[in-house]
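Notes follow the structure.
The values are calculated or read from the model by the stated rules, or taken from the named source; none is laboratory data. Note that the structure is predicted; figures quoted are calculated from it, not measured. Cβ sites come from the backbone with ideal geometry, for glycine too, and all protein chains shown count toward neighbours. Remember, those area values only see protein heavy atoms, side chains included, never the ligands or the DNA or RNA. Shrake-Rupley method; radii C 1.70, N 1.55, O 1.52, S 1.80 Å.
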Amino acid sequence: MAPEVRRYMNLGELSAEAAALVAEWARESVARRGAFTLALSGGRSPQKLYERLSRSPYDVAIPWSQVHFFWGDERCVPPNDPASNFGMAARCLLCRLAPPPNHVHRPPAEVSPPDRAARLWEDDLRAFFGESGGFPRFDLVLLGVGEDGHTASLFPDSPALAEQSRWTAAVDGNRGKPPLPRLTLTLPVLNCARRVMFLVSGSGKAEVVRAILDDPEGAGRQYPAARVSAEERLIWLLDGGLL
Ligand code: 6PG
């Protein structure tokens, strides 16, 4: 699927547009299916979006009581660790919305070893989505891109990129920032999502993003983010300072 690309003057404008899209899709999913399944990304780029979603008008304009929160990846640390993606979302978004605990599907990243954590996480996802239809179908997966072309915690040359049946994987994360073991959704799960929205900010990513958007197929050999598609819509929101 060819990505839809939108450019913004700065991260504030990008986050404002992202919030409006999340609100539109949340209302649509709830109207059609009674729930909105949202996989959050980590890193710095989505933080302004999360803060915006937790405030007026979105605090009331989104049917939060029907939203289920998931994560595309997590660093293997306890939830209160400053490096936790769950912790970041809790501080920027969830603390103001106070969703019911059974709507917050946090990867159990504090469990050791990471392989066991990944299996427990997958069990939770299978219990929620059911096993009948193959891979789960998230209503929206939010993703970022690293300067090396990684997305979620799928790093270049990672064996997890070859996964074809598991929903989750543990990865060593040596190349991540911070360099911690990580848990990640696998490529087939990302690619089964109804919608995928990349939020990209940071001038160090210009070369990688240009390569991916110019020739996704060619770039896929080098950059995992280029291998992500979606069932209905694939959107890249770029901070204008980037390209
Ligand atoms: C993580 C991520 C990761 C992130 C990119 C971009 O846990 O680190 O989910 O894939 O989205 O590294 O991060 P920035 O937005 O901080 O550049």
Please enumerate the residues belonging to region 16-32 that are open to solvent by 60 Å² or more (accessible area, probe 1.4 Å) and without any contact (Cβ under 8 Å) to a residue 12 or more places away in the chain.
24, 31, 32
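Return the residue satisfying two criteria in turn: it lies in region 129-170 and is among the charged types (D, E, K, R) and touching a strand residue (DSSP E or B) at 6+ places or on another chain (Cβ under 7 Å), and of such residues it is nearest to the ligand (Cβ to nearest atom). Quick ask: steps written out before the conclusion?
As a first pass, look at region 129-170 and keep what is among the charged types (D, E, K, R): 131, 137, 139, 147-148, 157, 163, 166.
Applying the additional criterion that residues be touching a strand residue (DSSP E or B) at 6+ places or on another chain (Cβ under 7 Å) yields 139, 163.
Details: 139: 18, 163: 16 Å.
The selected residue is 163.
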Checking the conditions here, which among 148, 214, 115, 124 is closer than 16 Å to residue 40 by Cβ, among the acidic types (Asp, Glu) and surrounded by fewer than 23 Cβ atoms within 10 Å (Cβ to Cβ)?
124
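Before we move on, is residue 194 touching a strand residue (DSSP E or B) at 6+ places or on another chain (Cβ under 9 Å), under 25 Å from residue 47 (Cβ atoms) and open to solvent by 10 Å² or more (accessible area, probe 1.4 Å)?
Working: touching a strand residue (DSSP E or B) at 6+ places or on another chain (Cβ under 9 Å): yes; under 25 Å from residue 47 (Cβ atoms): yes; open to solvent by 10 Å² or more (accessible area, probe 1.4 Å): yes.
The answer is yes for residue 194.
Any chance region 35-50 includes a residue that's aliphatic (A, V, I, L, M) and surrounded by fewer than 19 Cβ atoms within 10 Å (Cβ to Cβ)? Working first, answer last.
So the first thing to find is which residues in region 35-50 are aliphatic (A, V, I, L, M), and the list is 35, 38-40, 49.
Those left that are additionally surrounded by fewer than 19 Cβ atoms within 10 Å (Cβ to Cβ): 35.
Yes.
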Filtering region 222-243 down to residues that are out of contact with any Ser or Thr (no Cβ under 9 Å at 6 or more places or on another chain) and more than 19 Å from residue 189 (Cα to Cα), which residue is most open to solvent (accessible area, probe 1.4 Å)?
222
Go through the residues of region 68-81 one by one and say whether even a single one is of a type in the set (S, T, N, Q) and open to solvent by 40 Å² or more (accessible area, probe 1.4 Å).
yes
When you go through (1) among the aliphatic types (A, V, I, L, M); (2) farther than 30 Å from residue 161 by Cβ; (3) modelled with pLDDT of 95 or more one by one for residue 98, which number turns out not to apply?
(3)
One residue is enough: does region 83-94 have a residue meeting the conditions in contact (Cβ under 8 Å) with a residue 24 or more places away in the chain and open to solvent by 30 Å² or more (accessible area, probe 1.4 Å)?
no
Which of (1) more than 26 Å from residue 35 (Cα to Cα); (2) touching a Ser or Thr at 6+ places or on another chain (Cβ under 9 Å); (3) of a type in the set (A, V, I, L, M) is the odd one out, the single condition residue 152 does not satisfy?
(1)
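Given the condition more than 16 Å from the ligand (Cβ to nearest atom) and aliphatic (A, V, I, L, M), answer yes or no: does some residue in region 34-56 qualify? Let's see the steps before the verdict.
Initially, region 34-56 is screened for residues more than 16 Å from the ligand (Cβ to nearest atom), giving 34-37, 53-56.
Keeping just the survivors that are aliphatic (A, V, I, L, M) gives 35, 53.
Yes, region 34-56 contains at least one residue that is more than 16 Å from the ligand (Cβ to nearest atom) and aliphatic (A, V, I, L, M).
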Top-ranked residue in region 25-61 [being more than 28 Å from residue 81 (Cβ to Cβ) and either among the aliphatic types (A, V, I, L, M) or modelled with pLDDT under 95 (or both); ranked as nearest to the chain's Cα centre (by Cα)]:
26
